[in-house]
Structure formats: structure tokens, C-alpha cells
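Notes follow once the structure below has been shown.
The values are calculated or read from the model by the stated rules, or taken from the named source; none is laboratory data. Everything numeric in this text was worked out from a predicted model, so none of it was measured. Cβ atoms come from the backbone with ideal geometry, glycine included; neighbour counts cover every protein chain shown.
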Amino acid sequence: MKHGIIGTGTIGNAWAIWLSIHEKDVIVYDINKEAAKKTGCRSVDLQTLQKEADLIWICTAEWNVDEVCEQIAHTKKPVIIRSTIPPGKIEQIQQRYDIQAIAHMPEFLREKTAIQDTFNQDRFVIGTKDDELYETIYSVVEREEKPVIRATPHEAALIKLIANSWLATQISFWNDMKRLIDTYEGCNAQAIADAVITDKRISRYGSKLTGKPFSGFCLPKDTKTLKKLFLNKGVDPIMIGAVRKANAKLGGTQ
């Protein structure tokens with residue numbers, strides 16, 4: 001089976017390397033040919049990729065997903081989108097571009113450690129209603145012996161957005177605690193945080209008390225998207241709204 005990766009930025013590069021290390025036949029396409037070369041895989045044009053690949057992985061920035069799908073419209077090859085997309089996007093793509101065998105397999109990476117995170121991820125989430133495509137993707141990842149979660153496309157999109165929003169929430173929580181602790185004379189905020197996280201029920205994430213807002217590419221964007229989903233459904237975004245407001249007070253994006 002030959003894997004074709006469209007987009008060799010952070011996600012595509014890490015995934016190309018993961019597939020190659022796992023002895024998969026990989027070809028890549030990127031408008032940035034230098035980025036494509038960094039994967040160590042054979043770089044081809046988009047037409048060749050569509051012709052040769054048995055599976056097409058879309059790993060572009062989310063705002064480029066529609067453009068790519070338009071370019072490969074009516075393809076008979078299965079398509080797996082690794083980019084972050086909102087619920088409903090898979091169904092929209094199927095209808096708009098006549099791509100029937102399609103799945104959403106969100107990534108859970110940090111930009112600075114993308115390759116390391118790809119090889120040490122906690123789970124694989126496969127969002128599709130297509131039984132045959134699920135089995136095909138499962139056969140690619142099963143040897144990693146990590147949990148493989150089957151989901152609907154809606155569920156897969158929400159898993160990614162909620163996971164990132166929870167991480168952002170933890171950062172905002174500890175930033176809030178630091179503001180309180182610092183008002184007590186003689187209290188060491190970091191020592192208190194370190195003591196709290198000895199409880200096995202409590203995650204360490206966000207407990208390094210830098211006092212800085214969450215930033216980077218994913219957390220501000222995904223919390224904003226999740227808040228918008230609440231509003232679109234007429235649901236008050238109490239928690240996620242508070243998280244973004246708290247972050248903005250520290251200089252983060254609102």
C-alpha cells in the first residue's frame with residue numbers, strides 16, 4: 001500500500017517520518033519543495049500523488065483543506081484528513097467535492113516536539129462511518145499497541161477541540177491560582193502547585209507557574225473554535241468563555 005501525504009509542514013512531516021519508520025511506502029506533495037525534501041520521502045506533483053497513492057493523507061493547515069479537496073475532487077482514493085476541522089466538515093466535503101471514502105484522524109502534537117509526540121502519542125482517533133476505511137486505517141496503526149478509538153467524524157473533531165481546550169483550561173487555572181497565592185506573604189506558589197499535583201488524580205500539565213498566557217498555534221485557535229460552536233448551538237460557553245477571558249487578561253488573544 002502506498003501512502004500519499006499532501007502538506008509537509010509540522011503534521012505532514014511528522015506523519016511521513018512515522019509511516020516511513022514503520023516500513024510504509026510514502027510519497028509526498030507540497031507546494032514548498034524544500035519542505036517536502038525534509039521528510040526524506042519521494043516528492044511528486046499532485047497529479048502523480050493522486051495516481052500512485054492508495055491512501056491520501058491531507059496534512060495541510062486547516063484553512064487549506066477545502067482548496068486541496070477541490071483539487072482532488074471526485075477522487076476514488078480514500079482520503080484521511082489530519083488537519084483540525086470543525087464538526088460537520090467531513091460531511092460538507094463529501095457533498096461538495098464528491099469524496100466518498102473519507103475519515104478524520106486528528107493529530108495531538110506540539111509544534112516544537114511534533115515528531116517525538118507522533119511516536120509517543122497516547123491514542124489514535126479514527127473518525128469515519130466507512131467500515132472498510134476504518135479497517136484500513138486501523139491496519140496502519142495497530143502495531144503501535146496504543147488505544148485506537150473509533151468515532152464518528154463529528155466525535156473526532158470534538159475530541160481534538162475539547163482536548164486542546166482542556167489543556168488551555170489547566171494553564172488558565174494555574175495562572176489564576178498563582179495570582180491568589182502571590183497575595184499571601186511568604187507563600188511559594190510553585191511549591192504549592194508541586195504539592196497539589198502529587199495527587200494522582202491531578203494532571204501536571206500547566207502547573208509550571210510562569211504567569212504567562214497560553215499561546216502558540218493550537219490552543220488560542222481551538223478554544224476560540226469551541227466557544228463559537230457553543231454560540232452556534234445556542235449554548236452559553238460558561239467555562240470556555242471564562243478560560244479565554246482569563247487568558248486575555250494576561251495578554252493572550254481574546
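A single entry from Thr183, Thr198, Thr210 fulfils the requirement of being at pLDDT below 95, out of contact with any helix residue (DSSP H, G or I) (no Cβ under 7 Å at 6 or more places or on another chain) and more than 17 Å from Lys245 (Cβ to Cβ): Thr210. When Asp98, Asp117 are checked against the criterion of being over 18 Å from Ile6 (Cβ atoms) and of a type outside the set (Phe, Trp, Tyr), a single residue qualifies: Asp117.
Checking each residue in segment 71-90 for being assigned to a loop (DSSP other than H, G, I, E, B) and farther than 21 Å from Ala35 by Cβ picks out Ala73, His74, Thr75, Lys76, Lys77, Pro78, Ile85, Pro86, Pro87, Gly88.
Residues in segment 234-253 that are within 23 Å of Ser83 (Cα to Cα) and either surrounded by fewer than 17 Cβ atoms within 10 Å (Cβ to Cβ) or touching a strand residue (DSSP E or B) at 6+ places or on another chain (Cβ under 7 Å) (or both): Thr253 alone. Cβ-Cβ contacts under 6 Å between residues 6 or more apart (or on different chains), taken from a first residue in segment 102-127 that is farther than 21 Å from Thr75 by Cα to a second residue that is among the small types (Gly, Ala, Ser) and crowded, with 17+ Cβ neighbours inside 10 Å, are listed as Pro106/Ala156; Ala114/Ala14; Ile115/Ala14; Thr118/Ala14; Val125/Ala151; Val125/Ala156.
Looking at Pro153, Pro106, Pro86, just one residue is under 23 Å from Asp25 (Cα atoms), crowded, with 16+ Cβ neighbours inside 10 Å, in contact with a Ser or Thr (Cβ under 7 Å, 6 or more places away or on another chain) and at pLDDT 95 or above, and that residue is Pro106. Picking from residues in segment 199-228 that are of a type in the set (A, V, I, L, M, F, W, C) and surrounded by 15 or more Cβ atoms within 10 Å (Cβ to Cβ), the one that is nearest to Thr84 (Cα to Cα) is Cys218.
With the structure loaded, tell me whether Ala163 is at pLDDT 95 or above and more than 25 Å from Ala61 (Cα to Cα) or whether it fails that test. Answer is no for this residue.
For segment 89-103, filtered to residues that are touching a Cys at 6+ places or on another chain (Cβ under 8 Å) and more than 24 Å from Lys224 (Cα to Cα), the residue that is surrounded by the most Cβ atoms within 10 Å (Cβ to Cβ) is Ile99. Sort through Lys212, Lys221, Lys228 and tell me the only one that's under 25 Å from the mean Cα position of the chain (by Cα) and farther than 19 Å from Lys249 by Cα. Just one listed residue meets the conditions, Lys228. Is it fair to say Asp45 is within 21 Å of Gly127 (Cβ to Cβ) and either surrounded by fewer than 17 Cβ atoms within 10 Å (Cβ to Cβ) or at pLDDT below 95 (or both)? Spelling it out, it is not the case that Asp45 is within 21 Å of Gly127 (Cβ to Cβ) and either surrounded by fewer than 17 Cβ atoms within 10 Å (Cβ to Cβ) or at pLDDT below 95 (or both).
Do we have any residue at all in segment 173-181 that's touching a residue at least 40 places away in the same chain (Cβ under 8 Å), of a type outside the set (D, E, K, R), farther than 23 Å from Thr10 by Cα and surrounded by 20 or more Cβ atoms within 10 Å (Cβ to Cβ)? Looking for residues that are touching a residue at least 40 places away in the same chain (Cβ under 8 Å), of a type outside the set (D, E, K, R), farther than 23 Å from Thr10 by Cα and surrounded by 20 or more Cβ atoms within 10 Å (Cβ to Cβ), one finds at least one in segment 173-181, hence yes.
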